[in-house]
Amino acid sequence: MTTTSRPTWQHDDCPTWCISEHAEHDTVADRVHDSSGSYLTVVAEDPVQHTEDEVLVFLATFRKVGSTEDWIHLSTPDDGQMSLTLSLESAARLSRVLTERVAIARSSMTAAGAR
């Protein structure tokens with residue numbers, strides 16, 4: 001939050017990453033700490049048509065005001081086909097497994113090239 005005063009409903013300080021402009025008139029659903037987002041273009045395969053396409057993925061962190069739990073949100077803003085909100089623990093597990101899968105795939109490519 002970038003303003004010096006805070007609404008009466010906000011009892012705790014914003015996380016350091018919060019960019020939200022909280023206001024007294026915010027509805028309960030809008031009382032959320034949001035981070036700036038990151039956009040990442042990835043190449044994904046369409047499993048039905050077996051084609052590869054570039055897909056824009058949006059990632060951001062958020063926390064409901066009054067909570068201590070942070071969440072990571074991933075979505076495809078261009079088509080709305082994918083939306084996933086993960087706990088930090090789940091995001092860390094996903095990151096770890098993705099890193100392992102990439103390492104396995106790269107090592108098999110290296111081994112295949114050595115033949």
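Name every residue in segment 26-38 that is at pLDDT 95 or above and either of a type in the set (V, I, T) or exposed (fewer than 10 other Cβ atoms within 10 Å of the Cβ) (or both), in order of residue number.
V32, S36
Quick one: is W17 in a loop (DSSP other than H, G, I, E, B) and in contact with a strand residue (DSSP E or B) (Cβ under 7 Å, 6 or more places away or on another chain)?
In short, yes.
Of everything in segment 81-105, what is assigned to a loop (DSSP other than H, G, I, E, B) and either more than 16 Å from S38 (Cα to Cα) or under 10 Å from the mean Cα position of the chain (by Cα) (or both)? Give them in sequence order.
The answer is Q81, and nothing else.
Which of the residues spanning segment 21-41 are under 17 Å from G66 (Cβ atoms) and within 16 Å of the chain's Cα centre (by Cα)?
V32, H33, D34
Looking at segment 42-51, is at least one residue closer than 22 Å to T85 by Cβ and of a type outside the set (G, A, S)? Even if it seems obvious, please write down each step before you answer.
The initial filter retains those residues of segment 42-51 that are closer than 22 Å to T85 by Cβ, namely 42, 44.
Restricting the remaining residues to those that are of a type outside the set (G, A, S) gives 42.
Yes.
Out of (1) under 25 Å from T16 (Cα atoms); (2) out of contact with any Asp or Glu (no Cβ under 8 Å at 6 or more places or on another chain); (3) not in a strand (DSSP E or B), the odd one out for G66 is which?
The failed condition is (2).
Quick one: which of A91, A44 is closer than 29 Å to D12 by Cα and in contact with a strand residue (DSSP E or B) (Cβ under 6 Å, 6 or more places away or on another chain)?
None of the others qualify; the one that does is A91.
Output the qualifying pairs, or none if there are none: Cβ atoms under 6 angstrom, residues six or more apart or on different chains, first residue in segment 14-25 and free of Cβ contacts under 8 Å to residues at least 40 places away in the same chain, second residue exposed (fewer than 13 other Cβ atoms within 10 Å of the Cβ).
The qualifying pairs are I19/S36.
Taking segment 57-115 as the region of interest, how many residues are surrounded by 12 or more Cβ atoms within 10 Å (Cβ to Cβ) and acidic (D, E)?
Total satisfying the criteria: 1.
The values are calculated or read from the model by the stated rules, or taken from the named source; none is laboratory data. Remember, it's a predicted structure, so these values are computed and weren't measured experimentally. We place every Cβ from the backbone using ideal geometry, glycine too, and count neighbours over all the protein chains shown.
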